[in-house]
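The values are calculated or read from the model by the stated rules, or taken from the named source; none is laboratory data. Just so it is clear, the structure is predicted and the values come from calculations on it, not from any experiment. Positions of Cβ are generated from backbone atoms using ideal geometry, with glycine treated the same way; all protein chains shown enter the neighbour counts. Please note that ligands, DNA and RNA were not included when accessible areas were found on the heavy atoms of the full protein model with its side chains. Shrake-Rupley method; radii C 1.70, N 1.55, O 1.52, S 1.80 Å.
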Amino acid sequence: MTEFWLISAPGEKTCLQTWDKMMAATTRTNNLSLNHKFNIPDLKVGTLDVLVGLSDELAKLDSFVESVVKKVSHYMADVLEDSRDKVQENLLANGVDLLTYITRFQWDMAKYPIKQSLKNISEIISKQVTQIDNDLKTRASAYNSLKGNLQNLERKNAGSLLTRSLADIVKKEDFVLNSEYLITLLVVVPTTSYADWQKTYETLAEMVVPRSSNLLFEDNDSGLFSVTLFMKAIDDFKHKARENKFIVRDFQYNEEEMKADKEEMTRLSTDKKKQFGPLVRWLKVNFSEAFIAWIHIKALRVFVESVLRYGLPVNFQAMLLQPNKKTMKKLREVLNELYKHLDSSAAAIIDSAMDIPGLNLSQQEYYPYVYYKIDCNLLDHKV
């Protein structure tokens, strides 16, 4: 399970007692979840008014930062072209896998100094993640444009003979060039009609040069034939050819244009390779930064809600539960039973969204204990 429940409950005589009670209820008899203490440092509380306002701001910031974390991880999957194992290898936080980072969470004092007010810390995170989001848009746009141009050229060099580029198929010697009267046309003939072509091409129009047709290339469905005729017969020949399901390609042999196309393909391919390494490195570093910021937001939310719900002095235990998929409903019931004394109205209306006057919890789910979900399965959800 990549889903975690980050909860908090008020300290009994000590916070250790709160932890022991929760452990006894969830693991000692029925193994409902794997539990870890979640360490939140002594943050500056500030005034009640600030906390109430911050509660709502942090909910919005949580959604925003989560969306950036998912955008970066999805773009990583795009760039690595969905080599899923390779993507997971690169989605690390502080050099460790996400589950390890969350279960051993330590507040980053250097990035988010706890001497700052809660509002300042949330603003530092907001600024940092907004910058990542903006940079991602710029980098993704440049790389996508390059990738798109390359794919368009590759598409031109593949696919049906009716549409694909012929630059890498034909040679100079296949054409009559620089003639005042003669021209070489290229005709796509279905494989099943080769015999018909050979029988009829000389009679499709007047002035077709006899025995001038050669098969230059074929794929599974059709072949590309050359045929030489007088220029004045072109329209008549095209019309009759179409009646016989032979398609004349609109193509003029131009060595310089073909060379430019090949050079453009090489340039785009080289540029894509050059950008690939630095882009993946940037995504790795900034995924880690965004994910770390996201878990610090969760810690801030637990702190703020715990103070608002359980009062001062600050005395609560934050706990990280990793539920077993099969017993999630049972775990919810056990936690409800354990903490229903904290808020009887919530216990009575479990699983329904509730509005607490003055507390803009902005949560879909409300329980008698503080609760936030963290889902580390970032690749299965579309952004």
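Would you tally the residues in the range 214-246 being of a type in the set (A, V, I, L, M, F, W, C) and out of contact with any helix residue (DSSP H, G or I) (no Cβ under 7 Å at 6 or more places or on another chain)? The number of residues fulfilling the criteria is 9. Applying a threshold of 8 Å to beta carbon distances and a minimum spacing of six or more residues, or different chains, the list of pairs starting in the range 243-256 at a residue that is within 15 Å of V188 (Cα to Cα) and ending at one that is open to solvent by 100 Å² or more (accessible area, probe 1.4 Å) and of a type in the set (D, E, K, R) reads V248/R242.
Quick grid of which residues meet (1) farther than 30 Å from A140 by Cα; (2) surrounded by fewer than 18 Cβ atoms within 10 Å (Cβ to Cβ):
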{"site": "L6", "(1), (2)": "yes, no"}
{"site": "F38", "(1), (2)": "yes, no"}
{"site": "L43", "(1), (2)": "yes, no"}
{"site": "F64", "(1), (2)": "no, yes"}
{"site": "V68", "(1), (2)": "no, no"}
{"site": "D78", "(1), (2)": "no, yes"}
{"site": "V87", "(1), (2)": "no, no"}
{"site": "G95", "(1), (2)": "no, yes"}
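Of the helices (runs of 4 or more DSSP H) lying entirely inside the range 47-165, the ones with 3 or more residues being modelled with pLDDT of 95 or more and under 24 Å from the mean Cα position of the chain (by Cα) are found at 48-79, 98-103, 118-156. Taking residues in the range 11-23 that are among the charged types (D, E, K, R), and partners anywhere that are assigned to a helix (DSSP H, G or I) and open to solvent by 60 Å² or more (accessible area, probe 1.4 Å), the pairs with Cβ atoms closer than 8 Å and at least 6 places apart or on different chains are E12/K21.
Here D168 passes the criteria (1) touching a helix residue (DSSP H, G or I) at 6+ places or on another chain (Cβ under 7 Å); (2) open to solvent by 60 Å² or more (accessible area, probe 1.4 Å) except the one numbered (1). Picking from residues in the range 322-340 that are free of Cβ contacts under 8 Å to residues at least 24 places away in the same chain and under 30 Å from the mean Cα position of the chain (by Cα), the one that is most open to solvent (accessible area, probe 1.4 Å) is K326.
Residues of the range 175-192 that are open to solvent by 30 Å² or more (accessible area, probe 1.4 Å) and either in contact with a Leu (Cβ under 6 Å, 6 or more places away or on another chain) or closer than 18 Å to K238 by Cβ (or both): V176, Y181, L182, I183, P190.
Test N30 against the criterion of being farther than 18 Å from I121 by Cβ and either crowded, with 18+ Cβ neighbours inside 10 Å or polar (S, T, N, Q) (or both), and give yes or no.
Numbers: farther than 18 Å from I121 by Cβ: yes; either crowded, with 18+ Cβ neighbours inside 10 Å or polar (S, T, N, Q) (or both): yes.
Yes: the conditions hold for N30.
Residues that are of a type in the set (S, T, N, Q), closer than 30 Å to V129 by Cα, open to solvent by 20 Å² or more (accessible area, probe 1.4 Å) and under 31 Å from the mean Cα position of the chain (by Cα) do not occur anywhere in the range 300-321.
Taking the stated definitions as given, is V209 under 30 Å from L92 (Cα atoms) and among the β-branched types (V, I, T)?
Working: under 30 Å from L92 (Cα atoms): no; among the β-branched types (V, I, T): yes.
Against the criterion (under 30 Å from L92 (Cα atoms) and among the β-branched types (V, I, T)), V209 does not qualify.
Can you spot a residue in the range 191-200 that is touching a helix residue (DSSP H, G or I) at 6+ places or on another chain (Cβ under 8 Å), without any contact (Cβ under 8 Å) to a residue 60 or more places away in the chain and farther than 22 Å from S160 by Cα? Walk me through how you get there before you give the answer.
Residues of the range 191-200 that are touching a helix residue (DSSP H, G or I) at 6+ places or on another chain (Cβ under 8 Å), as a first pass: none.
There is no residue in the range 191-200 that is touching a helix residue (DSSP H, G or I) at 6+ places or on another chain (Cβ under 8 Å), without any contact (Cβ under 8 Å) to a residue 60 or more places away in the chain and farther than 22 Å from S160 by Cα.
The residues of the range 27-42 that are touching a residue at least 24 places away in the same chain (Cβ under 8 Å) and either over 26 Å from R104 (Cβ atoms) or under 34 Å from the mean Cα position of the chain (by Cα) (or both), listed by number, are L32, S33, L34, N35, H36, K37, F38, N39, I40, P41.
Exactly one residue out of L378, L361 is more than 28 Å from L51 (Cα to Cα), open to solvent by less than 30 Å² (accessible area, probe 1.4 Å), modelled with pLDDT under 95 and part of a loop (DSSP other than H, G, I, E, B): that is L378. Number of residues in the range 33-61 that are in contact with a strand residue (DSSP E or B) (Cβ under 9 Å, 6 or more places away or on another chain) and over 14 Å from E123 (Cα atoms): the value is 9. Against the test of being more than 25 Å from W282 (Cβ to Cβ) and either crowded, with 18+ Cβ neighbours inside 10 Å or not assigned by the TED database to the domain that holds E81 (or both), the options N157, N120 yield a single qualifying residue, N157. Counting only strands (runs of 3 or more DSSP E) that sit wholly inside the range 194-287, those with at least 3 residues that are at pLDDT 95 or above and open to solvent by less than 40 Å² (accessible area, probe 1.4 Å) are 222-230.
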